[in-house]
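The values are calculated or read from the model by the stated rules, or taken from the named source; none is laboratory data. In this text the structure is predicted, and so the values were computed from the model without any measurement. Positions of Cβ are generated from backbone atoms using ideal geometry, with glycine treated the same way; all protein chains shown enter the neighbour counts.
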Amino acid sequence: MRTAGLAALALFLTACPGVLRPLEKPTVELQRVELVGAGLSGVDLRAHFVMTNPNNVGLPLVAVDWEVSIGGASPVRGRADLAAKIPAKGSAPVVVDVHVGPGAAIGLVRAISAGERTYHLSGTLHFDTSLGDIAVTFDETGAL
């Protein structure tokens, strides 16, 4: 009886993804960043990502902590809450709206007004799993 119980437990554990081995981090590709608006209300950017999940279970993406600068202006930090799920063994596009309020956006607005279009966007994406937070970092430079 005891052997049958251990065999059943072993079968159960091997059938549960992530129990015997940790979840792998998803890969992140930043495709582009768009300038949505810049003015008295601040600066709005939209970042387009593609996330690929190598795991046998879907991963819920819940937040991104970001830091952005334009044309060498002082970087500004923020956080965006998200509600996306990256499918098991699949990829999904994810759009992140980055809003910088009017006080923090002064340097960014000056750079944009002077014709600067080079951005630096970095941060950490947070995936909330039953095994805890999976944090995936990114660090990209490009042109708006």
Failed criterion for D81 (all others in (1) modelled with pLDDT of 95 or more; (2) of a type outside the set (V, I, T); (3) in contact with a Leu (Cβ under 8 Å, 6 or more places away or on another chain); (4) farther than 18 Å from A143 by Cα hold): (3)
Condition set in contact with a strand residue (DSSP E or B) (Cβ under 7 Å, 6 or more places away or on another chain) and among the aliphatic types (A, V, I, L, M), scope the stretch 123-140, selection nearest to L59 (Cα to Cα): answer is I134
Taking I112, is it modelled with pLDDT under 95 and among the hydrophobic types (A, V, I, L, M, F, W, C)? yes
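Results for (1) in contact with a helix residue (DSSP H, G or I) (Cβ under 8 Å, 6 or more places away or on another chain); (2) more than 20 Å from Y119 (Cβ to Cβ); (3) at pLDDT below 90, shown as yes or no for each residue.
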position: A10; (1), (2), (3): no, yes, yes
position: G18; (1), (2), (3): no, yes, yes
position: F49; (1), (2), (3): no, no, no
position: N55; (1), (2), (3): no, yes, no
position: L61; (1), (2), (3): no, yes, no
position: D65; (1), (2), (3): no, no, no
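Table: residues versus (1) under 19 Å from Q31 (Cα atoms); (2) not small (G, A, S).
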{"site": "P75", "(1), (2)": "no, yes"}
{"site": "V98", "(1), (2)": "yes, yes"}
{"site": "A114", "(1), (2)": "no, no"}
{"site": "H126", "(1), (2)": "yes, yes"}
